[in-house]
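Down below is the structure, laid out as structure tokens.
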């Protein structure tokens, strides 16, 4: 999946001379957390709701009453925006967007193509993709399995689950930060994973944890 598949195309933009009070109103009215700053169609900065709240708090503590309100009107987007904007192209894979956001410790990436702003990707977009990719929007159960060094482990998992009548919604493999061993997170399309767990254990596969249900129902099996 590419950045263009998950990016928000209706990007809210402001100009460098937009006042702080106007920025606050736009964020509240649109229910968003980031604003891009364009100057004659060129991307020159990005502003987060944290930037706006911090500037408002600073103005409130340095002034009082009418003076504070006046000061807010004199602070503009140009004064508080981040100028060194990190961007990404629409044809990059989504995992590259996630890597950049984690490494740069940022929560939004404007998407540009040929120097033109065409979208924005936020941490919320990536989290939504993760939720959908893991299949948790439908009634299902999760089974965690230790793979170890067995090169045939995934084949054996799929064979055991399908052989017990189960249907796999998603598979994700990763290395455990605790043990350093490879693990598989399997989501099966049922809230009764018992037969699949028995089949996996009969095949000699180490079932570490299992969770059943979907969305709000995340109680461990007991």
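The values are calculated or read from the model by the stated rules, or taken from the named source; none is laboratory data. Note that the structure is a prediction, hence the values are computed from the model and not measured. For neighbour counting, all protein chains shown are included, and Cβ atoms are generated from backbone atoms with ideal geometry for every residue, glycine included.
A few notes on this one:
- Scanning the range 12-32 for residues that are closer than 19 Å to residue 83 by Cβ and touching a helix residue (DSSP H, G or I) at 6+ places or on another chain (Cβ under 9 Å) yields 12, 14, 15, 16, 17, 18, 19, 20, 23.
- Residues of the range 138-166 satisfying the condition of being exposed (fewer than 13 other Cβ atoms within 10 Å of the Cβ) and more than 18 Å from residue 202 (Cα to Cα): 138, 149, 151
- Going through (1) in contact with a helix residue (DSSP H, G or I) (Cβ under 8 Å, 6 or more places away or on another chain); (2) within 30 Å of residue 170 (Cβ to Cβ) one by one, residue 59 falls short only on (2).
- Search result, residues across the range 128-165 that are at pLDDT 90 or above and part of a loop (DSSP other than H, G, I, E, B): 164, 165
- Residues considered: 121, 86, 100, 94. Of these, the only one that is farther than 20 Å from residue 184 by Cβ, modelled with pLDDT of 90 or more, loosely packed, with under 15 Cβ neighbours inside 10 Å and not assigned by TED's automatic domain parsing to the domain that holds residue 188 is 86.
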